[in-house]
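One structure follows; several queries about it will come next.
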Amino acid sequence: MAITLQNLTEQIQKDLGFVASNGSLLQGSNIVPPAEIQTHIRDAIEDATTFVHTLYEDYFLVPEKAVNIVAGTNSYAVPTGLYINKMRRLIYDDGSKKYDINFIKNISDTPSLINDTYLQYIIVHELGIGYRLRFYPTPQFTSATFVKAWYLREPKELLLTTDEMDLPKQCKNFVLADAKLRCLQKIPGDLRTANLEKEYVFQRERIVSVLKNKVPDNRSNELQADFSDYNDSVVAL
């Protein structure tokens with residue numbers, strides 16, 4: 001069953017007693033309105049996303065996303081939804097030649113790559129444009145299929161009440177506990193806060209355990225992460 005923003009909102013309203021027995025919304029200073037509840041849900045999802053990206057990041061792995069290459073152009077938009085520049089792999093494959101497009105660790109090497117046979121890349125931040133993939137040497141071919149990217153994406157943001165939570169389903173109880181605690185922190189002196197703090201800690205520890213167990217014991221055949229080009233390696237232009 002899909003877990004939507006509406007589902008989460010209604011569950012929190014029910015658990016915290018923000019609705020009457022007939023389903024109508026209660027009013028008062030101790031009632032958190034739906035819009036504010038949804039803000040807390042989004043914040044809770046951000047917290048859960050951090051756990052997923054730290055412990056089970058392959059949940060967000062996008063494989064073999066084609067990069068449309070144009071001859072004579074070396075700067076391209078990064079894949080849509082790229083998470084903090086976590087490019088896991090770039091591959092060149094024209095059917096007869098195949099190789100990994102390596103990340104350039106030292107930008108002072110770029111002049112020497114002008115006449116190189118194999119492409120390499122960096123991620124740059126161009127003022128007024130944003131993050132870009134820049135290839136060296138400049139590609140001398142045009143193709144929508146030769147270059148493919150493996151990368152980690154951002155989860156889908158919950159904007160509409162019908163939007164579904166883009167996290168492992170095991171994260172649901174953590175998101176609920178986190179959001180409910182945020183709601184009660186807006187209500188001074190609420191006696192349920194202490195119990196919810198314990199529930200939050202329990203669900204946090206549980207989700208960490210669950211996500212750790214999702215990582216295969218033998219990852220020898222899996223795609224290895226290239227951590228060299230994360231945010232601290234982005235070049236600002």
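The values are calculated or read from the model by the stated rules, or taken from the named source; none is laboratory data. All figures in this text were calculated on a predicted structure; none of them were measured in a lab. Every residue, glycine among them, receives a Cβ derived from its backbone with ideal geometry; neighbour counts consider all protein chains shown.
Among the numbered criteria (1) assigned by TED's automatic domain parsing to the domain that holds GLN170; (2) exposed (fewer than 13 other Cβ atoms within 10 Å of the Cβ); (3) in contact with a helix residue (DSSP H, G or I) (Cβ under 6 Å, 6 or more places away or on another chain), which one does THR50 miss?
Here THR50 clears every test but (3).
Anything in the stretch 195-226 that is at pLDDT below 90, in contact with a helix residue (DSSP H, G or I) (Cβ under 6 Å, 6 or more places away or on another chain) and surrounded by fewer than 20 Cβ atoms within 10 Å (Cβ to Cβ)? List them, or say none.
VAL210, LYS212
Examine the stretch 133-143 for a residue that is surrounded by fewer than 19 Cβ atoms within 10 Å (Cβ to Cβ), in contact with an Asp or Glu (Cβ under 9 Å, 6 or more places away or on another chain) and within 25 Å of HIS53 (Cβ to Cβ), and state whether such a residue exists.
No: the stretch 133-143 contains no residue that is surrounded by fewer than 19 Cβ atoms within 10 Å (Cβ to Cβ), in contact with an Asp or Glu (Cβ under 9 Å, 6 or more places away or on another chain) and within 25 Å of HIS53 (Cβ to Cβ).
Still on this structure: Only one of these conditions is not met by GLU64: (1) loosely packed, with under 15 Cβ neighbours inside 10 Å; (2) of a type in the set (Asp, Glu); (3) part of a helix (DSSP H, G or I). Which number is it?
If we test GLU64 against (1) loosely packed, with under 15 Cβ neighbours inside 10 Å; (2) of a type in the set (Asp, Glu); (3) part of a helix (DSSP H, G or I), just (3) comes out false.
Output the number of the condition that TYR118 fails; it satisfies all remaining conditions of (1) within 16 Å of ILE91 (Cβ to Cβ); (2) in a strand (DSSP E or B); (3) of a type in the set (Phe, Trp, Tyr).
(2)
Restrict the check to the stretch 167-176 and report whether at least one residue is within 30 Å of LEU16 (Cβ to Cβ) and part of a loop (DSSP other than H, G, I, E, B).
Yes: the stretch 167-176 contains one or more residues that are within 30 Å of LEU16 (Cβ to Cβ) and part of a loop (DSSP other than H, G, I, E, B).
Additional query: For the stretch 147-158, what are the residues that are in contact (Cβ under 8 Å) with a residue 24 or more places away in the chain and either of a type outside the set (Gly, Ala, Ser) or closer than 25 Å to ILE3 by Cβ (or both)?
Correct list: VAL147, LYS148, TRP150, TYR151, LEU152, ARG153, GLU154, PRO155, GLU157, LEU158.
Hey, another quick one. So which residues in the stretch 168-194 are modelled with pLDDT of 95 or more and loosely packed, with under 14 Cβ neighbours inside 10 Å, if there are any at all?
Residues satisfying the conditions do not exist here.
One residue is enough: does the stretch 91-112 have a residue meeting the conditions within 20 Å of the chain's Cα centre (by Cα) and either outside the structural domain of ASP163 (by TED's automatic domain parsing) or in a strand (DSSP E or B) (or both)?
For the stretch 91-112, residues within 20 Å of the chain's Cα centre (by Cα) and either outside the structural domain of ASP163 (by TED's automatic domain parsing) or in a strand (DSSP E or B) (or both): absent.
So, one more: Output the number of residues of the stretch 110-135 satisfying the condition of being on the phi > 0 side of the Ramachandran plot and among the hydrophobic types (A, V, I, L, M, F, W, C).
0
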